[in-house]
Amino acid sequence: MQKIASKHAAFGEAEQARSSFTPAELAIVRRAYAGQMLAVAGVVNAVVEAAYVAVPRELFLGEPPWTIASPFGGLRSLPRPDPALVYQDVLFALDPSRGVNNGSPSLHARLLDALAPGQGERITHIGAGSGYYTAILAELVGPSGHIFAVEFDPILAARAAAVLADRSNVTVVRGDGAEWPQEAVDGVYVNFAVARPADRWIECLAPGGRLVFPLGAIGEKRPFGVHSDRGIALCVRRRPEGYAANALGPVSFVYADGPLGSVDAGEDARLRRSFAAASPKEVRSLIWKQSADEKNCWHVGEGWALSYEEIAD
């Protein structure tokens, strides 16, 4: 927290002049925002709330003018570059042409609560963007833990590396999310949609490890990029007898870049049929590279399935 505070001071006297709030007042705004985001998410988690308080969101949005997804439709710039204005549950565009944004803070509060990072844990953040939720993850694992932040886009990866440079518990990697983690980790946090989890996300989970990722069919290409169609967030937990799993609710994320975004037509069609046939809310486990009884499954993909069968949690 001390390091991020020093970086906040280094944000510059020029930035302070743009704000209608003093640094002390901004800290109060951030504390109120943190409580509001968890309340909207229906989450009671003092540790996640404290992490939201500790990390200034404006550091990760690039240079003003900042662009938001307007609730009235389309994108628009904020009327002034006041950091106080970023503490609301809106999406800030990072790359408007591809539909890449900073993400909904309330949604991430819910997903981070499910991931449950602990002090000293090692977490791989896939699709880290400019690093805001990487910084929150770094707060959650503390100085004895470590975050590997993987971002496919070189510009966003460079931006994340710059703003996270003073965090010794973060390594930013410009790379393909399908190739990470590269060793056993306690958690994998994915911030783009896919039609199936990458092998490494499952197979590099340490015992007790958790994976949170958005699952969805690929949507149509629109002016603001490609997003998931009928997406849900899933939490997978490695247990001695297999992988427990549950749906965390509907989500819409930008679709994967690179090889992960090259969706097999058959896999996409099967996933669409699963969404059309039933709700995934009764999913209880993930079957990985084993035969699955389709009658007991919500979805059966190539080499994996989401099953209604319970796994001891």
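The values are calculated or read from the model by the stated rules, or taken from the named source; none is laboratory data. Just so you know, these numbers come straight off a predicted model, no measurement behind them. Neighbour counts are summed over all protein chains in view; Cβ atoms, including those assigned to glycine, are modelled from backbone coordinates with ideal geometry.
When you scan the stretch 78-164 for helices (runs of 4 or more DSSP H) that lie fully inside it, which ones turn up with 1 or more residues that are under 21 Å from G209 (Cα atoms) and not acidic (D, E)? Full working, then the answer.
Values: elements: 105-115, 132-141, 154-163.
Correct list: 105-115, 132-141.
Scan the stretch 46-77 for residues that are buried (at least 18 other Cβ atoms within 10 Å of the Cβ), assigned to a loop (DSSP other than H, G, I, E, B) and not hydrophobic (A, V, I, L, M, F, W, C) and report the count.
Selection size over the stretch 46-77: 2.
Would you mind stating whether P154 is modelled with pLDDT under 95, surrounded by fewer than 23 Cβ atoms within 10 Å (Cβ to Cβ), over 24 Å from V90 (Cα atoms) and out of contact with any Leu (no Cβ under 7 Å at 6 or more places or on another chain)?
Taking the combined requirement at face value, the residue does not satisfy it.
Suppose the filter is outside any strand (DSSP E or B) and either crowded, with 18+ Cβ neighbours inside 10 Å or in contact with a helix residue (DSSP H, G or I) (Cβ under 6 Å, 6 or more places away or on another chain) (or both); does R200 pass it?
Against the criterion (outside any strand (DSSP E or B) and either crowded, with 18+ Cβ neighbours inside 10 Å or in contact with a helix residue (DSSP H, G or I) (Cβ under 6 Å, 6 or more places away or on another chain) (or both)), R200 qualifies.
Suppose we filter the stretch 279-302 for residues that are exposed (fewer than 14 other Cβ atoms within 10 Å of the Cβ) and of a type outside the set (S, T, N, Q); how many remain?
Residues that pass the stated criteria total 7.
For A278, state whether it is of a type outside the set (S, T, N, Q) and over 25 Å from D95 (Cβ atoms).
Yes: the conditions hold for A278.
Residues of the stretch 232-253 being crowded, with 20+ Cβ neighbours inside 10 Å, in contact with a Gly (Cβ under 7 Å, 6 or more places away or on another chain) and of a type in the set (G, A, S), which ones?
Correct list: A233 only.
Against the definition (surrounded by fewer than 22 Cβ atoms within 10 Å (Cβ to Cβ), free of Cβ contacts under 8 Å to residues at least 40 places away in the same chain, under 27 Å from G62 (Cβ atoms) and not hydrophobic (A, V, I, L, M, F, W, C)), how does R174 come out, yes or no?
Values: surrounded by fewer than 22 Cβ atoms within 10 Å (Cβ to Cβ): yes; free of Cβ contacts under 8 Å to residues at least 40 places away in the same chain: yes; under 27 Å from G62 (Cβ atoms): yes; not hydrophobic (A, V, I, L, M, F, W, C): yes.
So R174 passes the test.
Consider the stretch 237-291. How many of its residues are under 21 Å from A312 (Cβ atoms), touching a residue at least 12 places away in the same chain (Cβ under 8 Å) and part of a loop (DSSP other than H, G, I, E, B)?
So the answer is 5.
Y255 versus (1) over 15 Å from the mean Cα position of the chain (by Cα); (2) at pLDDT below 95; (3) aromatic (F, W, Y): which is the lone unmet condition?
Exception for Y255: condition (1).
For R110, are the conditions met, namely being charged (D, E, K, R), at pLDDT 95 or above, buried (at least 21 other Cβ atoms within 10 Å of the Cβ) and over 20 Å from V190 (Cα atoms)?
Working: charged (D, E, K, R): yes; at pLDDT 95 or above: yes; buried (at least 21 other Cβ atoms within 10 Å of the Cβ): yes; over 20 Å from V190 (Cα atoms): no.
So R110 fails the test.
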